[in-house]
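> Sharing a structure below in structure tokens format, with a few things to ask.
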Amino acid sequence: MHPNPAFRVEDRARHIEFARDRAFGVLAISGDGAPLISHVPFLLSEDGAVVDLHLVRSNPIVRMLQGPKEVRIAVQGPDGYVSPDWYGVADQVPTWNYVAVHLTGRLELRPQDELRDLLDRQSAFFEDRLLPKAPWVTGKMSDDALARMMRMIVPCRMQVEDIQGTWKLGQNKPEDARIAAADKVPGGFGSETGQLAALMHKA
């Protein structure tokens, strides 16, 4: 999280909406050496209290979950480089604007008989975005193929204890300068720079 309080937005509802919509993040857990990292799709409850996800059984994180463990999921949004020339004011420096939300809590393994329901809920959540395409459902798979796939993964649940968000969109700049930079961001580089520009305009 960015240390500057100007970018630390304390709008829990906004963080939850962003993370629920994004539904993909970097799961991190501390080990004996460097933290273990896994990139995971997830489902966040509407109240932001619970994250459901699954992991490949061979993932080293699974071996650490003999009991509930403290973890963090970093959810990254649009980001992009901002040239100081774009502000139209003197004495600026290059920076990188971005949106990120961190979900912190305790992750635990769930009973294997909960896995099918989790997979059905996850696939429905994502397939709904592809309408009017007919949704893919697990029922389209043969029983044997589905059973083989499900033996390789395990369901997990995180009880969310803290949600923090950074919306670094140029709020520390004069409005005219922020808007001028936002207009240039889509022609620069980063990830989803058009969306980043739109957020900068509204900051």
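> In percent, what relative contact order does the range 1-93 have, based on Cα pairs under 8 Å that are 6 or more apart in sequence?
26
> Now for a different question. Pick from H102, H15, H39: which residue has the top mean-square fluctuation in a GNM of the chain where Cα pairs under 10 Å get a spring?
H39
> While we're here: If the viscosity is 0.890 mPa s and the temperature 25 °C, what Stokes-Einstein diffusion coefficient in µm²/s follows for the range 103-203 when Rh is the Kirkwood radius over Cα pairs?
138
> Could I ask something else about it? Hey, can you find the accessible area per residue of the range 16-64 for me, probe 1.4 Å, expressed in square angstrom?
That works out to 50 Å² for each residue.
> Report in % the part of the accessible area of the chain that belongs to carbon and sulfur, leaving out ligands and nucleic acids; probe 1.4 Å.
Ligands and nucleic acids excluded, carbon and sulfur give 53 percent.
> Something else: If you take the charge dipole of the range 74-172 about its Cα centre, with +1 on Lys and Arg Cβ and -1 on Asp and Glu Cβ, which of P155, V101, A134 is farthest toward its positive end?
The listed residue farthest towards the positive side: A134.
> In what sequence, largest accessible area first, do V101, V56 appear using a 1.4 Å probe?
The ranking, largest first, comes out as V56, V101.
> Using a 10 angstrom Cβ neighbour count of at most 14 plus a DSSP loop assignment to flag exposed chymotrypsin sites (Phe, Trp or Tyr not before Pro), which longest range of the chain is free of such sites?
In short, 1-135.
> To the nearest Å, what is the center-to-center distance of the range 127-203 and the range 22-53, using C-alpha atoms only?
Taking the Cα centre of each part, the range 127-203 and the range 22-53 sit 14 Å apart.
> Enumerate lysine pairs in the chain that are 8 or more residues apart or on different chains, then count those whose Cα atoms are under 18 Å apart.
For the chain, qualifying lysine pairs total 5.
> Which one of L44, A180, H54 has its Cα pushed farthest toward the positive end of the charge dipole of the chain, where Lys and Arg give +1 and Asp and Glu give -1 at the Cβ?
H54
The values are calculated or read from the model by the stated rules, or taken from the named source; none is laboratory data. Predicted, not measured: the structure shown is a model, and the values here were computed from it. We place every Cβ from the backbone using ideal geometry, glycine too, and count neighbours over all the protein chains shown. Ligands, DNA and RNA are excluded from the accessible area calculation, which covers all protein heavy atoms including side chains. Shrake-Rupley method; radii C 1.70, N 1.55, O 1.52, S 1.80 Å.
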